[in-house]
1. State whether the residues of the range 708-723 include one that is of a type in the set (A, V, I, L, M, F, W, C) and surrounded by fewer than 21 Cβ atoms within 10 Å (Cβ to Cβ).
2. Of the residues that make up the range 38-47, is at least one modelled with pLDDT under 95 and of a type in the set (Lys, Arg)?
3. Conditions first: (1) open to solvent by less than 10 Å² (accessible area, probe 1.4 Å); (2) at negative phi; (3) not in a helix (DSSP H, G or I). Leu693 passes all but one, so which condition is the exception?
4. Quick check: is even one residue across the range 595-614 more than 16 Å from the ligand (Cβ to nearest atom) and open to solvent by less than 10 Å² (accessible area, probe 1.4 Å)?
5. Please work out which one of (1) surrounded by fewer than 18 Cβ atoms within 10 Å (Cβ to Cβ); (2) touching a residue at least 40 places away in the same chain (Cβ under 8 Å) is the condition Pro754 fails and give its number.
6. Can you list residue pairs whose Cβ atoms sit under 9 Å apart, with the first residue in the range 124-143 being closer than 20 Å to Glu279 by Cβ and without any contact (Cβ under 8 Å) to a residue 24 or more places away in the chain and the second being among the aromatic types (Phe, Trp, Tyr) and surrounded by 21 or more Cβ atoms within 10 Å (Cβ to Cβ)? Count only pairs 6 or more apart in sequence or on different chains.
7. In the range 373-406, what residues are open to solvent by 10 Å² or more (accessible area, probe 1.4 Å), in a helix (DSSP H, G or I), within 16 Å of the ligand (Cβ to nearest atom) and over 17 Å from Pro51 (Cβ atoms)?
8. Output the residue which, of all residues in the range 514-529 that are over 19 Å from Ala573 (Cα atoms) and out of contact with any Asp or Glu (no Cβ under 7 Å at 6 or more places or on another chain), is least open to solvent (accessible area, probe 1.4 Å).
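The values are calculated or read from the model by the stated rules, or taken from the named source; none is laboratory data. The structure presented is a predicted model; accordingly, all values stated were derived computationally and were not measured. Glycine gets a Cβ as well: all are built from the backbone with ideal geometry, and neighbour counts include every protein chain shown. Quick note on the areas: whole protein, heavy atoms, side chains included, nothing else; ligands and nucleic acids left out. Shrake-Rupley method; radii C 1.70, N 1.55, O 1.52, S 1.80 Å.
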Amino acid sequence: MNDIYRHEQQGAVCILASPTALPQAAAFLWNRRMMLHVNCRGYAVSQFMQPEPAKYAHQPVLEAKTFMQPEQPYFTHHPGRFFYVKDEDSGRVFSVPFEPVRAALIKFEFVVRKYEVGWRVHCDDFEVHAFVSVPVDDVVELWRLTVRDVSGRARRLSVYAYFPVGYASWMNQSGECRPDLGGVVASCVTPYQKVQDYFKNQHFKDKTFLLADEVPTAYEANQAAFEGWGGLAAPTGVTQPSLSGGDARYEVAACVLQWRRLMPADGAFEARLIFGPAETVDEIRALRDKYLRAGGFEQAARAYEQYVASGSGCLQIETPDEALDHFVNHWMARQTFYHCDVNRLTTDPQTRNYLQDAMGAAFVQPVLARAAFIRALSQQQSSGAMPDGILLVEGAELKYINQVPHMDHCVWLPICLSAYLDETNDFALLEHTLPFADGGSASVRDHIDRAMQWLHRSRDERGLNFIAQGDWCDPMNMVGWKGRGVSGWLSLATAYAHQVWASICERVGRSDEAARLRAAADEVNAAVNHHLWDGQWYARGITDDGVAFGVAADEAGKVFLNPQSWSMLSGAADAFKRRLLMQAVQDWLDTPFGVMKLAPPYQAMREDVGRVTQKHPGSAENGAVYNHAAAFYAYALYEVKEADAAFKVLRQMLPGPDVDDIVARGQLPVFIPNYYRGAYREFPRTAGRSSQLFNTGTVAWFYRCLVERLFGLQGTPEGLLVQPQLPAAWQRARAVRQFRGATFDVTYERRQAPPEITLVLDGEPVAGTLVRNIQAGATYHLQVLLPA
Ligand code: CEZ
């Protein structure tokens, strides 16, 4: 493909061939209890649940009155996994992956697969392979290292594994070489001050171990002793013949292993390493026995591959856009599954995130979606209000952002549930009885009725929804903190949520309720049209002091994307307004990397809007190409049958296929990031740069847009509704869709005639666009003939 990036196995393997072209490019692995984020140069961040998120390496410094280790020389905590290779004859040293030595490499390959990540590096006549994976349930990194001679002569070499620990405990930390275990064990005490915290922390996994199956020649457990004054690129431990076997005694610990070897020509050194946290040495020994015994890694790999495959989703495609196929066929479901199976590794996910992740689950593992709706609704107040976060484990608390009142959580209930119902036809769920957080219980149906009533009540005398300290936009915290400000987006979302719920009510025979809901939606739409239409687009809201913002008169934050998108969903915008606002989006928000969330970006704090205006211009909610918001826009464009415009927005979420685009974004096409930098006019140098953050509601919406809209394979109570909106340039495409236990092999073809969509099911023409009587277990061949 090009020198920097290529793929193998139809996009299942992505390979970056330069450590410096996309220096922040990264990949992630996760299991039910941990997440590992590694970048192409060898920096890594890992997190595990105990049950709150914690780190066994590179801990964040915890707030405390005590200054951190004032008596220690200050060594920075490098969050990496490094291997050094030293030719004992020449004394030359290089490191794998690339950091920290940054030697000139003959070959560099960062290899990303769904179930493992690694490197293939060629330097100094050695070929080094290092790969990491994780098991399904244990918190441990499984590393395979191979160093092979390619010079054809015998070599004397030393190989080192250096895994910095980077504890931040100002109470207690140490490290010891443990030849009896075949590695190094570091220990700390998670710092705390409140006596109650002792009882919470006492069984924490406060040890970090690095063990190898291959017996090391020497060990080091003291970071300062290893790095010496040569630093990371030339650590004392590597320049000397042998690691000193030192310990760390209230000093910064490190895990360093050395293997000195005489290698025959073309010979290879191989080792397997395990790195992770544990509470006790017995636990470490048990992990050693489980993984470092013969076949231990292989067994874990098989189970992990199966785990990842269990979330492969309901859609495989073959289109004229090969790079899109690669993302959809290999990476889209994986990212969606990650979100819904482990809830972004928090114990109190934000309610809107939790519900949108459940929406994604509808396409990969519907049982997870069902469980999530039940859990979320069981935490609703009987008033209909939803909490800011959903508590997932005993003892979890609403923390940080979840202590800030946001007013939008109820809108996500019908919107996300509708995807689940379409997918599964599980309308029985609506009659399921669930408790309220403050006592009493009612059916799911009643819970959602109350949520809609709560939204409808939470409006001002103009009929617009209060924003309090935020809506979908978390950091928009000062529009309504005095209790009067309203959100244009939330009002439109309220109208849309009412309509979605009305459609569901109609399907279960509640036509009176549906009519009431539609009337309520009309009322909100009318209020928005009356107070927030600014002439060419919709305003974002009205502040506590009665000032409309997101309007033409504003210098910064003139146009916001969300109200425009949701006015198309809620139907507030008629065809005339739609034309104007789509033009405004194009004029103000469009960039080669996608549509920005707002423009121009705020350059200084605006106290009647909030901290969103303090974020760097073009970053995050302050005018990035915020993919989650862009996904709403795409979905709305499909709603009004703007198929080409919608596809363009979706396509721009993926880096590539051109290498220039991949370089500008700095990211591999293995996930959709939460944003790309905006401020396209103000800061063109950084525009397009990926945030590298793979926690985002975007992917669930991307999935939904593809399944239901682009390929138009949407479930209804009667069967499968086929209403594709293929990009005009596609002459043909194919989709294999899993639906209610059946497989649909669907081919799309543009033909001159007939003028309407025609369906042919297993050779028989179908009247209309609905496929009925679907039998689980069956495979159907569906031909979709589209007008040219
Ligand atoms: O968080 C996301 C939230 O998790 O931002 C979205 C919001 O809808 C999601 O629920 C838009 O605001 O500074 C902040 O508080 C930010 O709002 C971030 O926490 C933001 C990050 O981008 C997380 O990915």
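1. First, pick out the residues of the range 708-723 that are of a type in the set (A, V, I, L, M, F, W, C): 710-711, 713, 720-722.
Right, trim to surrounded by fewer than 21 Cβ atoms within 10 Å (Cβ to Cβ) and you get 721.
Checked against the condition, which is being of a type in the set (A, V, I, L, M, F, W, C) and surrounded by fewer than 21 Cβ atoms within 10 Å (Cβ to Cβ), the range 708-723 yields at least one hit.
2. No - not one qualifying residue is present in the range 38-47.
3. Only one criterion in (1) open to solvent by less than 10 Å² (accessible area, probe 1.4 Å); (2) at negative phi; (3) not in a helix (DSSP H, G or I) is unmet by Leu693, namely (1).
4. Yes, the range 595-614 contains a residue that is more than 16 Å from the ligand (Cβ to nearest atom) and open to solvent by less than 10 Å² (accessible area, probe 1.4 Å).
5. Among (1) surrounded by fewer than 18 Cβ atoms within 10 Å (Cβ to Cβ); (2) touching a residue at least 40 places away in the same chain (Cβ under 8 Å), Pro754 violates only (2).
6. Sorted first by the residue in the range 124-143, then by its partner, the list stays empty.
7. Ile401, Gln403
8. Our first condition is that a residue be over 19 Å from Ala573 (Cα atoms); within the range 514-529, this holds for 514-516.
The next check asks that each one be out of contact with any Asp or Glu (no Cβ under 7 Å at 6 or more places or on another chain); those that pass are 515-516.
On the way: Ala515: 61, Arg516: 146 Å².
Residue satisfying both the conditions and the ranking: Ala515.
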